[in-house]
Each structure stands twice: as structure tokens, then as C-alpha cells.
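The values are calculated or read from the model by the stated rules, or taken from the named source; none is laboratory data. Just so we're clear, the structure is a prediction, and the values are computed from it rather than from any experiment. Cβ: placed from backbone, ideal geometry, glycine included. Neighbour counts: every protein chain shown.
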Amino acid sequence: MPVDVLERAARELPDWDGSGASVMEQSHRGKRFIAMAAQAEADLRRLLTVPDDYAVLFLQGGATQQFALIPMNLAGPGDSADYIDSGHWSEKAISEAAPYVRVNVAASGKHDAYRRLPARDSWQLDPHAAYVHYTPNETIHGVEFHDIPEVGDVPLVADMSSNILSEPLDVSRFGLIYAGAQKNIGPSGLVVMIIRRDLLQRAGRPMARIFRYAEQAAHDSMLNTPNTWGWYLAGLTFQWLLAQGGLEAMAGRNRAKAERLYRAIDGSGGYYRNRIERSARSRMNIPFTLHDSALDAVFLQESEAAGLLALKGHKALGGMRASLYNAVPLEAVEALVEFMGDFSRRHG
Ligand code: PMP
């Protein structure tokens, strides 16, 4: 999270908004909290130019819960849904959806070890599908779509957990966008969802009200006590993003950060390697390996000692991974690149 946001939250923790108590101690039905929540939504709408015919929801339970709730809300009995499998998180979305909808894996990058996106002309989309689900950025595999797939009239559903707010977005191309907050927004547990209002009319399947998007929209995401702390921090992050110049500015920075690191990897003569096809490389998550995996532990130890944290790759892939979310400044990437150069000279 941006240091400015953390510092402001720390300052405001004991006495938020002149209330004499922390934001977590406010009633979510109180004037102060309602005003803050509305401002957070307005700021998110401004950042992403969210059209009026979309509802914005602040939900709980993480993105994984949405893997199941999306089919439960959007698909009726007997319906099928198309899924694009581009890596670990797509696979999870597929397996969690399978009990609730007939899943058609319309395309998969699995046979390429998810090193590229499945070729667009290979997608077997069904024009009668309830929706098409895809993962624009695969956090673990480090592959990213750099355009929005054209899927005709079928609503496009996107898990933007790891790339939301990293660049401007044409929301009108989507039926539903959702994101676990813990990368570019705020604390884990909170989910931000942007859903086209007509999809709220879908019957889905019988289920508890708390899981129903239409109910959440009708009650401003306050069917029960919302994640007040998460909502507040998300609001601070949105304010911070606006103050940075909005998503155009973030896109420029994120591009520069990713280019810097890929240039260092590609220019290392094979010492470091990123195996993702260039056109599908992620700007947010950059996995890389060392030429000799016996050096991995040393790399991690020394990088941590140098103040460069969280570089261990996911256990499914091994190696390293640098996550360059919005809050990571270019200087941090410069420091990593410098460390990598130094490390390769010392351990060559
Ligand atoms: N989707 C993507 C793209 C992710 O990176 C993650 C992990 N943060 C998830 C889903 C799962 O999120 P959560 O842990 O909030 O359920």
C-alpha cells in the first residue's frame, strides 16, 4: 500500500474524522461512515469513469468467494459459462465454479505451461453462454492480457484482483469486474465489484440473500456490517490515486517500472530469465529465474538483507517474482535492478 495512505491511516486511527473514535468503531449506519463510503464509491467511479448503468459493490470474503458466487448469481439451472484458462487463478475460478454451472473451458494456455495466452482464433466461445470469465492478469504466472477480448453479446466477467487501477479501463466493455483488494486497493477480505445493472436482474439460483448481488446493490453493500476498515482504506487509496494524477499517470509509471525490470532480465545474458512470451508479459507480476537455481536461497537471503522484500516466487513455480503494484515506486525497481546486477557479478 502507498506509504502516504498507511501514514494517514496511522494518524487517523485513534480519532477519525473528529469523531473521537477509530473508523472501525463507527456505526456503519452513522452519517460519518455513510459519507465516507459514498465518497469512496464516487472516487472509484471517477478513477475508472464507471458508467451510471453499473453498480459498485464493496463485498467481503475475498476473490475466491466470488469464484463461486459469480455462477450462482449469473447462471441459472442448466446454463453453461465459458472460461478462459490462462494460469493458476483461472484454474481456481474454474474449479470453484464447476459445482454451480456447466463450465466450458473455451481456451487454455496449460499446454504451453501458461507461458503465453491461448491464441485468440482457438477460443471456442459459445454465443449462448451465461458469461465469459477470464483473468486479465495472472498473478502467479505473470501473463497479462493487453487488450480486452471481444466476446460479442455475452457478458464479459473479469477477475482484476492483481491489475485493477493499474491503467485506465473501458468499463463499458464488461458485464462484471471484481477484485480482491489486497494488491492495488487495500486490505485482504474486501472485494470491489463493478457490475452492469441489468445483470442484477438475473435469477441465478436460490441462495441466501447475503450472497445475492441484487440485494447487496439494493442495500449499498450494507446488508450486514461491511468491512468498515477495508472500505475506509480503499477510499484513502482512491484519493491517493486521484492525487497522483489518476490512472493515466499510474499507467505511465507502471509501464516504466516493468520495462526497467524486463530490460535488466533480458539484458543479463541469460543470468536471469523470464520465459513469458513478450506480448503477454505482465506489468504487475514479473517472475524470473536465476541461471542456477542453487543460488535461489542466497539471492533471497541477500535481497532481503538489502531491504528488497517478498521476491520469492510462488511455490507452484519456484524462482523469483517481483510484484510491481501501484504502491511500488520506480526507485524500488531501480534498487532491485542494481541489486540484481551486483549479485550476478559477485556470484557469476
Ligand atoms: N484472483 C487473483 C488474480 C489473485 O491474484 C488472487 C490472490 N490474491 C485471487 C484471485 C484470490 O484472492 P483472495 O485471496 O482474496 O480470495
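Key figures
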| quantity | calculated |
| --- | --- |
| Considering residues of the range 31-61 that are assigned to a helix (DSSP H, G or I) and not hydrophobic (A, V, I, L, M, F, W, C) only, the residue farthest from the ligand (Cβ to nearest atom) | Lys31 |
| Meets criteria (within 30 Å of Val192 (Cβ to Cβ), in contact (Cβ under 8 Å) with a residue 24 or more places away in the chain and part of a helix (DSSP H, G or I)) for Gly235 | yes |
| Total residues in the range 144-166, condition more than 11 Å from the ligand (Cβ to nearest atom) and crowded, with 17+ Cβ neighbours inside 10 Å | 9 |
| Residue within the range 82-99 that is in the same structural domain as Pro149 (by TED's automatic domain parsing), assigned to a helix (DSSP H, G or I), of a type in the set (Phe, Trp, Tyr) and more than 21 Å from the chain's Cα centre (by Cα) present | no |
| Single match in Arg202, Arg115, Arg173, Arg197 (criterion: in the same structural domain as Leu48 (by TED's automatic domain parsing) and either within 16 Å of the ligand (Cβ to nearest atom) or under 23 Å from Ile276 (Cβ atoms) (or both)) | Arg115 |
| Members of the range 128-140 that are more than 10 Å from the ligand (Cβ to nearest atom) and either touching a residue at least 60 places away in the same chain (Cβ under 8 Å) or assigned to a loop (DSSP other than H, G, I, E, B) (or both) | His128, Ala129, Ala130, Tyr131, His133 |
| Qualifying position, being without any contact (Cβ under 8 Å) to a residue 60 or more places away in the chain and among the β-branched types (Val, Ile, Thr), among Ile210, Ile276, Ile194 | Ile210 |
| Residues of the range 1-56 satisfying the condition of being among the small types (Gly, Ala, Ser), surrounded by fewer than 12 Cβ atoms within 10 Å (Cβ to Cβ) and more than 12 Å from Gly235 (Cβ to Cβ) | Ala10, Gly18, Gly20, Ser27, Gly30 |
| Residues (farther than 19 Å from Gly175 by Cβ, within 10 Å of the ligand (Cβ to nearest atom) and either modelled with pLDDT under 95 or in contact with a Phe, Trp or Tyr (Cβ under 7 Å, 6 or more places away or on another chain) (or both)) located in the range 62-96 | Gly87, Lys92 |
| Cβ-Cβ under 6 Å pairs, at least 6 apart or on other chains, the range 289-315 side in the same structural domain as Ala332 (by TED's automatic domain parsing), far side loosely packed, with under 10 Cβ neighbours inside 10 Å | His291/Gly270 |
| Long-range neighbours under 7 Å by Cβ, at least six apart or interchain, first residue assigned by TED's automatic domain parsing to the domain that holds Leu223 within the range 28-48, second among the charged types (D, E, K, R) and at pLDDT 95 or above | Arg32/Asp17 |
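To keep it simple, each residue is scored yes or no on (1) surrounded by 15 or more Cβ atoms within 10 Å (Cβ to Cβ); (2) more than 17 Å from His146 (Cα to Cα); (3) of a type outside the set (Lys, Arg).
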| position | (1), (2), (3) |
| --- | --- |
| Met250 | yes, no, yes |
| Arg260 | yes, yes, no |
| Ala264 | yes, yes, yes |
| Gly269 | no, yes, yes |
| Asn274 | yes, yes, yes |
